[in-house]
1. What value, in deg cm²/dmol to 500, does the helix sum -39500 (n - 2.57) over DSSP H runs of n ≥ 4 give at 222 nm once divided by the residues of the chain?
2. To the nearest µm²/s, what D does Stokes-Einstein give for the range 5-115 at 25 °C and 0.890 mPa s, using the Kirkwood radius over alpha carbon pairs as Rh?
3. Average projected area of the Cα convex hull of the range 169-271, in nm²?
4. Could you list, bin by bin from short to long, the percent of Cα-Cα pairs of the range 172-226 in 10 Å steps?
5. For the chain, what is the percent of antiparallel DSSP beta bridges, rounded to the nearest 5?
6. Bin by bin, in steps of 5 Å, what percent of the Cα pairs in the chain do you find, going until the bin that has the longest distance?
7. Treat the count of other C-beta atoms within 10 Å as a stand-in for reagent exposure and order 77, 255 from fewest to most.
8. Extension gain residue 82-residue 225, at 0.36 nm per residue separation less the Cα-Cα distance, in nm?
């Protein structure tokens, strides 16, 4: 493991223990679950951890942690009043580190674990795609507002980022926008629907699937630790990645994160 992965593993182990002690459901998602199933740990070139929590557990986690530092970790949610915080979901930060992401607000925190709310998205034969796409379009616009223009992205996408920032804050400030997105996601309850998923995830429609795929949290081996993931990993990973057993070409084995600064030995609280 890299030093960053080792610190992320410490954070994931702490989070897992906290959730078990407090009866909170969570599931490893995305590349974290893929790593657990295919590699029994991190995808070798990966440098993040993604988990999802049913909305009730997600909100209870925030109440339990209450914005206080617990064993060096602190939770920040979409309700944060800090104008530099910009995410429509929750992040768990390692306060002993410093990490600055390439976002337009100049957010500087620590190494993080992404925690996505899991919501229902319909109780019929298929997901309520009409409602989901309203959420998706609003979220895409919001993400364009907080993104920074960067090299390697298409001109069209960079232009969209520039144009999204022309809307004055007095018309729709970032905090109001992300809270509204969160409220839209609450329309359907996770435990009440046949269809559910992470409505704010990177894979958009691919993340909407029968709730039975999530099922009861199931243990998976991850770098020598036992973490929890979806019950039907085969169904989840196939929905997201298709042929998930095959490794991608070497040129695509790279992280997608864009960090301006990373210091694993100094706290952002004093840095």
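Coordinate-derived values only; no laboratory data. From a predicted model like this one, the values you see are computed outputs, not experimental measurements. No Cβ is skipped: glycine too gets one built from the backbone with ideal geometry, and neighbour counts run over all protein chains shown.
1. -10500 deg cm²/dmol
2. 169
3. The directionally averaged projection comes out at 11.3 nm².
4. 20, 36, 30, 14, 1
5. Here the share of antiparallel DSSP bridges comes out near 80 percent.
6. 1, 5, 12, 17, 19, 19, 15, 9, 3, 0, 0
7. 255, 77
8. Here the answer is 48.1 nm.
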